[in-house]
């Protein structure tokens, strides 16, 4: 599985690169803290595959990186995605290393 660090993500944001950021946490978690990703909770990702780009880099994140890894494995296995990156350490690492 491909991964991206929070520092690399921050650089993509700062450079206004064309990528998609998807948050697979629950809505209450998103409301507490988010980094402007598109909220598609883990439980409904497979019903929303059409919302996930196949043409550009897609970074998927959760709280710590475990749920997003599970989602990426499923999307790659069931839908053939090859452009997905897991945010290493999730939003906790982002808050820790970059801040909100």
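Each value in this text was obtained by applying a stated rule to the coordinates, not by laboratory testing. Every value quoted in this text rests on a predicted model; they were computed, and no experiment measured them. Every residue, glycine as well, gets a Cβ built from its backbone with ideal geometry; the counts of neighbours run over all protein chains shown.
Among the residues of the stretch 38-64, those that are in a loop (DSSP other than H, G, I, E, B) and buried (at least 20 other Cβ atoms within 10 Å of the Cβ) comprise 40, 62. The set of residues in the stretch 91-100 that are in contact with a helix residue (DSSP H, G or I) (Cβ under 6 Å, 6 or more places away or on another chain), surrounded by fewer than 18 Cβ atoms within 10 Å (Cβ to Cβ) and in a helix (DSSP H, G or I) contains only 97. When the stretch 1-35 is filtered for residues that are exposed (fewer than 15 other Cβ atoms within 10 Å of the Cβ), touching a strand residue (DSSP E or B) at 6+ places or on another chain (Cβ under 7 Å) and not in a helix (DSSP H, G or I), the ones remaining, listed by number, are 1, 2. If only residues of the stretch 70-90 that are on the phi < 0 side of the Ramachandran plot, in contact with a helix residue (DSSP H, G or I) (Cβ under 8 Å, 6 or more places away or on another chain) and in a helix (DSSP H, G or I) are counted, the one that is surrounded by the fewest Cβ atoms within 10 Å (Cβ to Cβ) is 78.
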